[in-house]
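In what follows, a structure is listed as structure tokens, so that the remarks can point back to it.
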Amino acid sequence: MWEVYRIGLSLGLGIGLGGLLSALLAPRRAALIAVAVVAAAGGAAIGYAIGGWHESVAGGIGGALGAAVAATLVAGTLGRGGTRGGTAALVGGASLVLAALALVPFVGFLEAVAVPGVAARARRRRPERYAGLRSLARD
């Protein structure tokens, strides 16, 4: 049972790390692959520090997953007119909350299922960029 807790913890911490790195470093899609690789390596290192190779694999998967999902949300937000600083603060804060929630048993596994689902839902419900007063102008 202790092994399952450590694997879930590594997975959740990897998701949090990937989301935080992606919020801070990957506002463009060109940097997504580099950030995902760094997040996977960092998650694997965290997992190895927690336990052994099982935790390392879970942390690496969590890091890559967290980076990919957060980069999708960040790119969508910036594409619709969000500011870089505000987006980084909100997504980074949410990533820290996800990392803290990973301390609860089995929540890391739930995060691995729920986070991509939330990102898919956000992508389907994507509104258009705010037009402001341009929508009132006559051509």
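Laboratory data are not the source of any read-out in this text; all were calculated from the coordinates shown. Every value quoted in this text rests on a predicted model; they were computed, and no experiment measured them. Note that we place each Cβ from the backbone using ideal geometry, even for glycine, and neighbour counts take in every protein chain shown.
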- Item | Residue (of M1, L78, L20) at the positive-pole extreme of the chain, dipole from beta-carbon charges | L78
- Query: Under the rule of -39500 (n - 2.57) per DSSP H run of 4 or more residues, summed and divided by the residues of the chain, what mean residue ellipticity at 222 nm is obtained, to the nearest 500 deg cm²/dmol?
  - Reply: -26500 deg cm²/dmol
- Per-peptide average of other Cβ atoms within 10 Å, ordering 97-104, 62-69, 44-51, 77-84 highest first: 62-69, 44-51, 97-104, 77-84
- Query: Per-residue HN-Hα couplings for segment 104-113, Karplus 6.51 cos²θ - 1.76 cosθ + 1.60 at θ = phi - 60°, whole Hz, x for Gly and Pro?
  - Reply: 7, x, 6, 6, x, 5, 5, 4, 5, 8
- Item | Estimated vicinal HN-Hα couplings, Hz - segment 65-74 in sequence order (Karplus 6.51, -1.76, 1.60; Gly, Pro = x) | 5, x, 5, 5, 5, 5, 5, 5, 5, 5
- Mean Cβ-within-10 Å packing, highest first, puts peptides 86-96, 12-22 in the order 12-22, 86-96
- Task: Run the dipole for segment 1-118 about the Cα centre, Lys and Arg Cβ at +1, Asp and Glu Cβ at -1, nothing else charged, and hand back the magnitude in debye, nearest 20.
- Result: 460 debye
- Item | Reduced Cα scattering model of the chain, Debye log10 I(q)/I(0), q = 0.08, 0.10, 0.12, 0.20 Å⁻¹ | -0.23, -0.34, -0.46, -1.04
